[in-house]
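Undergrad: One structure coming up, written as structure tokens, with questions to follow.
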Amino acid sequence: MNRRANSTEDSRTAVRRVALELLARREHSVLELRQKLIWRAFPPADIDAVLERLVAEKLLNETRYAEIYAHSRADKGYGPLRIDRELRERGVPDEIIAPVLAGLAAHWRQGLAGLHRKKFKGAPPGDVGDEMKQMRFLRRRGFTVEQITGMFRDLKERSSA
């Protein structure tokens, strides 16, 4: 029995060591870290115990992860819908995602305009076909129809002024 207790403790020490190595490289969601540890064939019970402890010690923090991830993706030209979906896929709870995306509200307009300038030279769509092409691209990047049509309206107002 004593040997088994030492074995469990050794396994948890190994799980913790690997988890900390992964967290030293970058932030992870609980789901991502769990998947990486399972992939390394650690026992699920040991993984769960270690993850709970890392969360309690604030070494694993989903809010911090979501903020860093969302800022990084927004800086690369992705919109709120895409980032929301990606965070959900990574196991981040809704109650964390909503305030993180709300905190980036001022960033969306600027990010959308920058992406449009980069891809379409900042020119308003010439015709309906061009508008649909631009709309599809920007929607795939995760921007809402309201955000895109608002930007098109601003572009048209500036070009007619």
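Residues are listed down the side, and each one gets a yes or a no for (1) touching a Ser or Thr at 6+ places or on another chain (Cβ under 6 Å); (2) under 30 Å from Gln35 (Cα atoms):
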position	(1), (2)
Arg90	yes, yes
Ile97	no, yes
Ala102	no, yes
His116	no, no
Pro124	yes, no
Glu146	no, no
Thr149	no, no
Phe152	no, no
Ser159	no, no
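Undergrad: Confirm whether Ser29 is more than 19 Å from Arg139 (Cα to Cα), within 12 Å of the chain's Cα centre (by Cα) and not assigned by TED's automatic domain parsing to the domain that holds Phe152.
TA: Judged against the criteria, Ser29 is a match.
Undergrad: Right, next: Are any of the residues in segment 49-58 modelled with pLDDT of 95 or more, among the hydrophobic types (A, V, I, L, M, F, W, C), within 15 Å of the chain's Cα centre (by Cα) and assigned to a helix (DSSP H, G or I)?
TA: Looking for residues that are modelled with pLDDT of 95 or more, among the hydrophobic types (A, V, I, L, M, F, W, C), within 15 Å of the chain's Cα centre (by Cα) and assigned to a helix (DSSP H, G or I), one finds none in segment 49-58, hence no.
Condition check ((1) assigned by TED's automatic domain parsing to the domain that holds Arg88; (2) over 22 Å from Pro99 (Cβ atoms); (3) part of a helix (DSSP H, G or I)) across all residues:
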{"position": "Val15", "(1), (2), (3)": "no, yes, yes"}
{"position": "Arg34", "(1), (2), (3)": "no, yes, yes"}
{"position": "Ile38", "(1), (2), (3)": "no, yes, yes"}
{"position": "Ala41", "(1), (2), (3)": "no, yes, no"}
{"position": "Tyr69", "(1), (2), (3)": "yes, no, yes"}
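Undergrad: For segment 75-85, indicate whether the set of residues that are surrounded by 14 or more Cβ atoms within 10 Å (Cβ to Cβ) and over 23 Å from Arg26 (Cα atoms) is non-empty.
TA: yes
Undergrad: Answer yes or no: is there a residue in segment 129-151 that is surrounded by 14 or more Cβ atoms within 10 Å (Cβ to Cβ), basic (Lys, Arg) and at pLDDT 90 or above.
TA: yes
Undergrad: Can you pull out the residues in segment 75-105 that are modelled with pLDDT under 95, in contact with a helix residue (DSSP H, G or I) (Cβ under 7 Å, 6 or more places away or on another chain) and aliphatic (A, V, I, L, M)?
TA: Leu104 - this is the single residue of segment 75-105 that is modelled with pLDDT under 95, in contact with a helix residue (DSSP H, G or I) (Cβ under 7 Å, 6 or more places away or on another chain) and aliphatic (A, V, I, L, M).
Undergrad: Starting from residues that are part of a helix (DSSP H, G or I) and of a type in the set (Ser, Thr, Tyr), keep the ones in segment 102-161 and report whichever is farthest from Gly77 (Cα to Cα).
TA: My answer is Ser160.
Undergrad: Name the residue that is farthest from Leu31 (Cα to Cα), counting only residues in segment 86-100 that are touching a residue at least 12 places away in the same chain (Cβ under 8 Å) and surrounded by fewer than 20 Cβ atoms within 10 Å (Cβ to Cβ).
TA: Of everything passing the filter in segment 86-100, Ile96 is farthest from Leu31 (Cα to Cα).
Undergrad: What are the residues in segment 9-30 that are surrounded by 15 or more Cβ atoms within 10 Å (Cβ to Cβ) and under 22 Å from Ile68 (Cα atoms), if any?
TA: Val18, Ala19, Leu22, Leu23, Glu27, His28, Ser29, Val30
The values are calculated or read from the model by the stated rules, or taken from the named source; none is laboratory data. Bear in mind that the values here come from a model prediction, so they are computed numbers and not experimental data. Cβ atoms come from the backbone with ideal geometry, glycine included; neighbour counts cover every protein chain shown.
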